[in-house]
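The values are calculated or read from the model by the stated rules, or taken from the named source; none is laboratory data. As the structure is a prediction and not an experimental result, all values here were calculated from the model. Cβ atoms come from the backbone with ideal geometry, glycine included; neighbour counts cover every protein chain shown.
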Amino acid sequence: MASINVKSKTKEFTHEGAPSISVNAKEQLARTIMSCMLWEDNFYEDGISVAERIADLIPKVKAKEVYQIAVDARNKSKLRHVPLLIARIMASIKGHKALVGKLLSEIIQRPDELTEFLAIYWKEKRQPLSGQVKKGLATAFKKFNEYSLAKYNRDATIKLRDVLFLSHPKPDNQIQQDMWNRLIKGELKTPDTWEVELSAKGNNKESWERLLSEKKLGGLALIRNLRNMVEQKVLPGLIKASFSEMKTDKILPFRFIAAARYAPDFEPELEKVMYRCVSEKDKLPGKTILLIDVSGSMDAVLSEKSEMSRNDAAYGVGILARELCEDVQIFSFSSGIVKIPARRGFALRDAINTSQSHSVTYCGSAVTYIDENCEYDRIIIITDEQSHDPIPNPKGKGYIINVASYKNGIGYGPWTHINGWSESIFDFIIENEKN
C-alpha cells in the first residue's frame with residue numbers, strides 16, 4: 001500500500017512534465033496496481049499498457065512481496081480483477097508460482113471470480129492448469145454455499161461446473177458433494193436475489209419494494225441501484241429504512257458520493273451511513289493539512305464502465321479526513337490554491353468541487369504556499385500525480401495518496417507514498433507515526 005523514503009535513481013517525468021524519479025520495481029508495481037481498473041483506459045494511459053507494465057514488473061519483485069501486494073489490493077483496496085491477473089502472471093514464473101495456490105484461495109471471494117480467473121488464464125490461449133492453480137481453485141471453491149453458487153452460476157463460456165471438473169476439490173462431507181452434484185446437473189435451487197428478480201420481472205417499483213421489504217439487498221447493491229429506485233418512484237420510507245440497517249464494511253467512500261449525485265434527496269441518510277464506518281476509529285492527532293487535486297485529469301472516470309471520477313475518490317477521502325483528523329485544514333489545488341470552508345459531508349464535497357476551475361496541475365506551488373503560510377504536523381496530498389511543476393520536500397511529515405495507476409509520479413524521497421484509497425489510509429498513517 002505504501003512506500004516510505006524511497007531513494008531516487010534516474011530522473012523521469014510525469015505526463016504533464018513535472019520531474020519524477022525511477023523507483024524500485026516493488027513500488028512501481030504497487031502504484032500501478034492499487035488504483036488499477038484492469039484493461040480499462042485512464043486519462044493519460046490505455047488499459048493494455050497498464051496491464052503490460054504489471055506483467056513486466058512482477059518477475060522483478062520478490063514472490064512474497066507480490067503476494068502481499070495482491071492480497072492488499074483485494075482486501076484493502078477492494079479490487080477484484082487485478083489480483084487475479086497477478087495470480088495468473090505468478091503462475092508462469094518459476095520463482096513465484098509456489099505461492100499461487102495460497103494466493104488464489106485468499107483473493108477469490110465470490111464464485112464468479114473462479115471463472116473470471118480462468119478467463120484471464122486462457123486470455124492468450126487455452127492450456128492445462130498448473131498444479132498450484134488447481135490447488136488454489138479447489139480451496140476457493142469449497143468456500144461457497146448453494147446460495148452463492150446458484151447466484152453466480154451463469155450460462156457463460158466458462159461455467160462454475162467447468163472449474164469444478166478442472167480443479168477436483170474434495171468435498172468435506174456428503175452434503176457438499178450432493179450440492180456439487182446439483183451444480184453439475186443444473187439443479188441448484190434458484191436464489192431469491194435482486195439480480196434474479198430484475199432479470200425475470202425487469203426494473204420496476206414492485207420488485208424493488210419487495211426486495212427492500214424482505215431485506216434482499218446488500219449494502220453495495222442498495223447504493224448502486226439507488227438511481228433506479230428513485231426513477232421507479234420506490235417509497236422513500238422503505239429506502240431510508242434500508243439505509244439504517246445496511247452494512248458498510250466493503251463500501252468505499254466515493255460510492256456514496258456517486259449515489260448522492262443521482263439521489264440528492266437521500267443525502268442525509270447517505271451521510272449517516274458514510275460516517276458510520278468511521279465512527280469508532282481512532283482520530284489522527286495534531287494539525288493536518290489536506291491538499292486535494294481538482295485539475296482536469298482528476299475529472300476522468302475511474303473506469304470505462306463507471307460514472308464515478310477520480311475526483312469522487314478524492315472528495316471521499318476529504319470527507320473522511322474531516323471526520324478522522326483532530327485538527328484539519330483542507331485546500332484544493334489546480335492552477336492555484338484555495339482554502340476550503342470548514343464544512344463536512346456532502347457540503348464539503350460541493351465546496352471542494354466548486355472552489356476553482358479544474359485546469360492544469362501545480363502541485364509543487366501548492367506545497368510551497370502551505371509551507372510558507374501554514375504550520376502543520378503532516379500534509380496529505382490526494383492526486384493523480386500528474387503535476388506541471390516539481391514538488392518540494394515537506395517541512396513536516398508528508399504523504400501523497402495516489403488515485404491513478406500512471407507509470408511515473410511525484411512525491412518520493414522524504415514523502416510517504418500511498419497507493420489507492422479507502423478509510424484504511426488513516427489507519428496506516430496512525431500506525432506509521434507510532435514508530
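Side notes on the structure shown:
- When restricted to residues that are surrounded by 15 or more Cβ atoms within 10 Å (Cβ to Cβ) and modelled with pLDDT under 85, region 238-259 contains 9.
- Residue in region 407-430 that is within 13 Å of V317 (Cα to Cα), crowded, with 22+ Cβ neighbours inside 10 Å and at pLDDT 95 or above present: no
- Output for region 317-339, where each listed residue is crowded, with 18+ Cβ neighbours inside 10 Å and assigned to a loop (DSSP other than H, G, I, E, B): S334
- Residue match in region 23-30 (condition: modelled with pLDDT of 90 or more and part of a loop (DSSP other than H, G, I, E, B)): no
- Candidates A314, A300 - the one that is crowded, with 22+ Cβ neighbours inside 10 Å, modelled with pLDDT under 90, touching a strand residue (DSSP E or B) at 6+ places or on another chain (Cβ under 7 Å) and of a type in the set (A, V, I, L, M): A314
- Here S279 clears all of (1) surrounded by fewer than 17 Cβ atoms within 10 Å (Cβ to Cβ); (2) more than 25 Å from the chain's Cα centre (by Cα); (3) among the hydroxyl-bearing types (S, T, Y) except the condition numbered (2).
- All conditions but one from (1) within 28 Å of S199 (Cβ to Cβ); (2) surrounded by 14 or more Cβ atoms within 10 Å (Cβ to Cβ) apply to K102; the one that does not is (1).
- In region 360-369 there is no residue that is more than 26 Å from the chain's Cα centre (by Cα), of a type in the set (A, V, I, L, M) and assigned to a loop (DSSP other than H, G, I, E, B).
- Remark: pairs (first residue in region 190-213, among the acidic types (D, E); second residue assigned to a helix (DSSP H, G or I); Cβ separation under 8 Å; 6+ apart in sequence or on different chains) = E195/K151; E197/S207; E197/R210; E197/L211; E209/L238.
- For F165, the conditions (1) among the aromatic types (F, W, Y); (2) under 30 Å from L129 (Cβ atoms); (3) in contact with a Leu (Cβ under 6 Å, 6 or more places away or on another chain) are fulfilled apart from (3).
- Restricted to region 191-237, and to residues there that are loosely packed, with under 15 Cβ neighbours inside 10 Å, under 29 Å from the mean Cα position of the chain (by Cα) and not polar (S, T, N, Q), the residue that is farthest from P264 (Cα to Cα) is D192.
- When residues of region 345-375 are limited to those that are surrounded by 16 or more Cβ atoms within 10 Å (Cβ to Cβ) and of a type in the set (D, E, K, R), the one farthest from H388 (Cα to Cα): R349
- Restricting E106, E214, E195, E209 to those that are under 30 Å from M246 (Cβ atoms) and at pLDDT 95 or above reduces the list to E106.
- K143 meets the conditions (1) surrounded by 13 or more Cβ atoms within 10 Å (Cβ to Cβ); (2) of a type outside the set (F, W, Y); (3) part of a helix (DSSP H, G or I) in every case but one. The failed one is (3).
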